[in-house]
1. If the Cβ limit is 6 Å and pairs must be 6+ apart or interchain, which residue in segment 395-407 that is without any contact (Cβ under 8 Å) to a residue 24 or more places away in the chain pairs with which residue that is assigned to a loop (DSSP other than H, G, I, E, B) and surrounded by fewer than 17 Cβ atoms within 10 Å (Cβ to Cβ)?
2. Residue 215 fails exactly one of the following numbered conditions: (1) at pLDDT 80 or above; (2) over 30 Å from residue 379 (Cα atoms). What is the number of that condition?
3. Can you tell me which residue within segment 136-152, out of those that are without any contact (Cβ under 8 Å) to a residue 40 or more places away in the chain and either assigned to a helix (DSSP H, G or I) or surrounded by 15 or more Cβ atoms within 10 Å (Cβ to Cβ) (or both), is farthest from the chain's Cα centre (by Cα)?
4. Quick check: anything in segment 352-361 buried (at least 17 other Cβ atoms within 10 Å of the Cβ), modelled with pLDDT of 95 or more and on the phi > 0 side of the Ramachandran plot?
5. Select, from 181, 221, the only residue that is at pLDDT 80 or above, touching a helix residue (DSSP H, G or I) at 6+ places or on another chain (Cβ under 6 Å), surrounded by 15 or more Cβ atoms within 10 Å (Cβ to Cβ) and not in a helix (DSSP H, G or I).
6. What are the residues in segment 363-390 that are surrounded by fewer than 23 Cβ atoms within 10 Å (Cβ to Cβ) and closer than 27 Å to residue 322 by Cα, if any?
7. Taking the criterion of being exposed (fewer than 15 other Cβ atoms within 10 Å of the Cβ) and at pLDDT below 95, would at least one residue in segment 123-134 satisfy it?
8. Which of (1) without any contact (Cβ under 8 Å) to a residue 24 or more places away in the chain; (2) farther than 30 Å from residue 218 by Cα does residue 330 not meet, given it meets every other one?
């Protein structure tokens, strides 16, 4: 019995040995070795195909095919999840690479490319802005070396904006955060305080700290803002931010001769939060672009020369536009403009020496003016025989149109009375009574650039292009000749 068991085991061993030899002879051995760097690795099984030399000098039991990453394998290539290909059925490893090809150390170009892309993205300067003006300046400075994000979506009303959790996260993770710092940005300081409490936080830039500021103005006839008392005199405004060493304009009366002369229609001066619409003046845009460029250079010194080149180019375009504005104002036949809307253009008015009337302050939440305000604006438009009533962006224009229509009617009535008293009598605007009676008042838009519509954003509108349109609208309103 023992002898029988020995014979059986011997026969079984022989059978197994023969099977192994058969597998080796047919090229299907799982023990085939590669000579890549002397390492012994596992190859995939391929059925009975002749060995061919691969481009790297090693051999495989299947025809070599070139992979997308430049390596070859002995089976049909299949696309990997990372974009490279393997000579066998690919299985994704936990680290994202794939195996199953003939053994040799390979460089996965797909993964290398993806890693390089992530590294490049992480190394790019991340800039977040609150609204369109600083976004526009920043994207022109950044070019293709930084990523610039605007929190306020195109088409949204800036005065009703509230940050989302995603917006807060963007601020926390950015390198450079640019905001205005006016009454619409009261939420910013709380977020920055919380960010700096947890970590170092981003580099921050407050626009109102970069230029001289005026307090928000209450024009003659303007509707009183609810909760504000304008029946008393206030001390002139100090600096917009006490921890910045900048000289700030307090009010027109203590600025310069232009400021003193241009707003003689002020009912009074008063201390308010600074008027945040500093970018409405081309002169201020030049200063803002110059100083923001330096902020970019400080945040990303490696690309400083590139940022300065871009910033200088955009700044020079605004310098040219500023000169055109000044030439237009110097040749204008009148110096008065009227808004049937908010008034966010004090910085522009101060620069050009304009007298302005409006229904509401620049950041007013009011939408319906009082009867007294409407009556005052109608009288002014008719008295000054203004050819244009302005509205601003995102306005339905109803107030401006109502003033325009009523002022036209009032001028016709006044012209008829003048005709009775003195045929063809002249008025101080140079229009005869007949001409005044038939005069049409246009309603035009003056864009404050606070935000733009989705269509304007898609079409590539910029602060420069919008302010160029404003120049032509003002030329019509002020009676300035064409260039």
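The values are calculated or read from the model by the stated rules, or taken from the named source; none is laboratory data. Because the structure is predicted, anything quoted here is derived from the model rather than measured. With ideal geometry, Cβ positions are generated from the backbone for all residues, glycine too; neighbour counts draw on all protein chains shown.
1. Filtered contacts from segment 395-407: no entries.
2. Evaluating residue 215 over (1) at pLDDT 80 or above; (2) over 30 Å from residue 379 (Cα atoms) leaves (2) as the failure.
3. 147
4. Yes; the residues of segment 352-361 include at least one that is buried (at least 17 other Cβ atoms within 10 Å of the Cβ), modelled with pLDDT of 95 or more and on the phi > 0 side of the Ramachandran plot.
5. After applying the criteria, what remains is 181.
6. Selection gives 363, 384, 387, 388.
7. So far as segment 123-134 goes, yes, one or more of its residues are exposed (fewer than 15 other Cβ atoms within 10 Å of the Cβ) and at pLDDT below 95.
8. (2)
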